[in-house]
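Just so it is clear, none of the values below were taken in a lab; they were calculated from the coordinates. This one's a predicted model, so the numbers in the text were calculated from it and none came from an experiment. As a convention, Cβ positions derive from the backbone with ideal geometry for all residues, glycine included, and neighbour counts pool all protein chains shown.
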Amino acid sequence: MIDWSVVEIGDEHIAALRLPLQEGPEAWQRLQKELTTSDQAAAGYVQMFHAAFYVAVRRKFAPRYSVHDVVRYVAELRIELKKYSDEDLSPRIAENAIRGSLGEATLQKENNPLVDGDEKNLEHLMAVELLVLFDVLLTEEKSGEGGVEDYVREATHLARRWVSERQNAQAKEQEPTG
């Protein structure tokens, strides 16, 4: 069980978010060593990564989107991925993750049993999150209007809020009753 009281989003997590822009998507692979040192160490990176994905999806599709927009986008990601790798993405997992971040909570929950205990499906989820993140970061960088820094600030704020919410929830669970 993660001890959320010691988890913080720090400079190392913020720097990790910038890695794909500086060194490409494969830069995340170097973080694997850091992610496996402890649950607490991994929790900060995972929260930052998920917050960055959430912000990226919202920037890409909000305020309006259609299911067709998401399906087409996932198809484009899969085609682009095939140019560089023999790997493929599960369209169901990718579309559910994107639509879940856009507010369709039932789809996000549908992914949980698909990913829990299935390493290949978890890899699909992490790959789609990384691809969307990288796509949006590149778009922000090309805009040249400070978009990357705004994006990093927004993702950092969200990750810190999520960690705080988990800390508060865990503290309440540990309060003595009666």
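Some notes on this structure:
- Length released on extending from Glu80 to Leu138, taking residue separation times 0.36 nm less the Cα-Cα span: 19.4 nm
- In this structure, the pairs whose alpha-carbon distance is over 25 Å, taken from Lys120/Lys142; Lys83/Lys142; Lys120/Lys172, are Lys120/Lys142; Lys120/Lys172.
- Cut-off 17 Å, label 7 Å out along Cα→Cβ of Glu123, residues of segment 52-80 by amide N: 78
- Full extension of the segment from Glu165 to Glu87, taken as 0.36 nm per residue of separation minus the current Cα-Cα distance, would add 24.5 nm.
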